[in-house]
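Quick note: the coordinates plus some simple rules give every number you see, no bench work behind them. These numbers come from a predicted model, not from an experiment. Cβ atoms come from the backbone with ideal geometry, glycine included; neighbour counts cover every protein chain shown.
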Amino acid sequence: MLPYEHDNVFDEGLAGVFETETERAARQSANQLKVQSTGIDLYKDNTCHISHLLEIPNDQCNRFEEEIGGTGFTLLRQSKDRDTSVYQVNKTEALALIDYQSELMNLYSKKYEGVYRSWEIVRAF
């Protein structure tokens with residue numbers, strides 16, 4: 001099964017939410033450049049505190065918070081204005097998994113009609 005394909009079977013989670021090939025290529029290219037700039041060797045211990053920033057419309061926030069809360073990521077609302085809220089979504093994991101994490105965050109932002117802004121890291125060890 002492809003990632004998230006099981007969601008389509010049950011029509012839950014990220015069912016029906018997809019990246020285009022252009023979006024995927026741009027995200028992966030940006031990830032590769034950002035990982036290279038860290039100087040972290042992905043073939044050695046590369047555990048990091050990874051933080052993603054997502055901007056979600058306020059009318060979608062409760063549903064977004066409820067769903068993300070069940071994924072193993074921690075969630076912090078950084079700011080809120082009249083229309084949107086900016087969330088920091090965190091997980092300590094191998095930086096080698098950044099393509100998976102950034103895809104997941106991009107899909108969640110799309111599902112809730114928001115925007116995936118970026119990710120940052122701090123080495124865990």
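The relative contact order of the chain, computed from alpha carbon pairs under 8 Å that lie at least 6 residues apart in sequence, is 34 percent.
With a Förster radius of 35 Å, plug the Cβ-Cβ distance of Glu65 and Ala30 into 1/(1 + (r/R0)^6) and report the FRET value to the nearest 0.05.
Computed FRET efficiency for Glu65 and Ala30: 0.85.
Normalised by the number of residues in the stretch 69-125, the average gap of Cα pairs under 8 Å and 6 or more apart makes the relative contact order 21 percent.
Counting every other Cβ atom within 10 Å of each residue's Cβ, Thr20, Thr74 order from fewest to most as Thr20, Thr74. With a ≥ b ≥ c taken as the square roots of the eigenvalues of the C-alpha gyration tensor of the stretch 15-123, please select rounded if a/c is under 1.5 and otherwise prolate if a/b is larger than b/c or oblate if it is not? Verdict is prolate for the stretch 15-123. Ordered by the number of other Cβ atoms lying within 10 Å of each residue's own Cβ, fewest first, Leu97, Leu54 fall into the sequence Leu97, Leu54.
A Förster radius of 22 Å, combined with the Cβ-Cβ distance separating Asp83 from Lys110, puts the computed FRET efficiency at roughly 0.80. Mean residue ellipticity, 222 nm, helices only, the chain: the sum of -39500 (n - 2.57) across DSSP H runs of n ≥ 4, divided by residue count and rounded to 500, is -11500 deg cm²/dmol. Averaging Cα coordinates gives a centre for the stretch 88-125 and one for the stretch 33-74; these two points are 3 Å apart.
So if I place +1 on the C-beta of Lys and Arg and -1 on the C-beta of Asp and Glu, and nothing else carries charge, what would the dipole magnitude of the chain be about its Cα centre? I want it in debye, nearest 20.
520 debye
Between Asp45 and Val17, the simple label model (points 7 Å from Cα in the Cβ direction) yields a spacing of 3.4 nm.
From least to most packed, judged by other beta carbons within 10 angstrom and beginning with the fewest, Arg82, Arg63 follow the order Arg82, Arg63.
Straightening the chain between Leu97 and Ala124 buys 8.3 nm, computed as 0.36 nm per residue apart minus the Cα-Cα spacing.
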